[in-house]
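The values are calculated or read from the model by the stated rules, or taken from the named source; none is laboratory data. Owing to the predicted nature of the structure, the values given are computational and were not obtained by experimental measurement. No Cβ is skipped: glycine too gets one built from the backbone with ideal geometry, and neighbour counts run over all protein chains shown. Remember, those area values only see protein heavy atoms, side chains included, never the ligands or the DNA or RNA. Shrake-Rupley method; radii C 1.70, N 1.55, O 1.52, S 1.80 Å.
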Amino acid sequence: MRLCDTDIERYLDDGIIALEPRPSNDKINGATIDVRLGNSFRVFREHSAPYIDLSGPKEEVAAQLESVMSDEILIQDDEAFFLHPGALALATTLESVKLPANIIGWLDGRSSLARLGLMVHVTAHRIDPGWEGKIVLEFYNSGKLPLALRPNMVIGALSFEVLSGEAARPYNRRQDAKYKNQQGAVASRINEDQS
């Protein structure tokens, strides 16, 4: 069952779902809550490696990932991050999210931004039960013009579903969880996948 706006408000008020900073109730619409863009970004330095061999030895994959990913880029609230056509960048939501073991979240990009070519999440829009941290956004500009992205702009919307019961393996209790409590634009950790 997907939560409606009155239930989202109640779950936030009761601390069942936590968003910090907590959005005001006017940012809760029907079945979603608006989330804003944070200040943390990473970009790909594609000139530093000819490819990434995802099936190679873990140490080599880790080295390739390290070589192609920029350090964290922090921009001020009054600055813009420019995403050029055909470019992929990582960013975060301003809000940190905390979900219990019986609720799953879904991130959707904004239609108004998609109509300009901005994909907010290339594929990963599920927020697992037991998740805690900022959501990393996988931006891709499929449009024809550069897009100026500014911290605090509404970047997407979260919706929530109550599961049939508590998950036996929520994200915060998994030993193999690679992105626990992420607060910045964390790069891929695919090299940490279990064999």
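Some notes on this structure:
- Scoring Phe160 on the criteria (1) open to solvent by less than 20 Å² (accessible area, probe 1.4 Å); (2) more than 22 Å from Cys4 (Cα to Cα) leaves a single failure, condition (2).
- Per the listing Gly56, Gly15, the residue uniquely open to solvent by less than 60 Å² (accessible area, probe 1.4 Å), in a loop (DSSP other than H, G, I, E, B) and at pLDDT below 95 is Gly56.
- Contact map, segment 7-20: first residue more than 22 Å from Gly38 (Cβ to Cβ), second residue open to solvent by 40 Å² or more (accessible area, probe 1.4 Å) and in a helix (DSSP H, G or I), Cβ cut-off under 9 Å, separation 6 or more or different chains; pairs are Glu9/Asn25; Ile16/Arg10.
- Val43 vs. criteria in contact with a helix residue (DSSP H, G or I) (Cβ under 6 Å, 6 or more places away or on another chain), β-branched (Val, Ile, Thr) and surrounded by 12 or more Cβ atoms within 10 Å (Cβ to Cβ): no
- Extreme residue, modelled with the highest pLDDT, among residues of segment 153-195 that are hydroxyl-bearing (Ser, Thr, Tyr) and not in a loop (DSSP other than H, G, I, E, B): Ser159
- Residues of segment 139-152 that are of a type outside the set (S, T, N, Q) and not in a loop (DSSP other than H, G, I, E, B): Phe139, Tyr140, Leu147, Ala148, Leu149.
- Members of segment 67-77 that are without any contact (Cβ under 8 Å) to a residue 40 or more places away in the chain, out of contact with any helix residue (DSSP H, G or I) (no Cβ under 6 Å at 6 or more places or on another chain) and either open to solvent by 80 Å² or more (accessible area, probe 1.4 Å) or under 10 Å from Ser48 (Cα atoms) (or both): Asp71, Leu74
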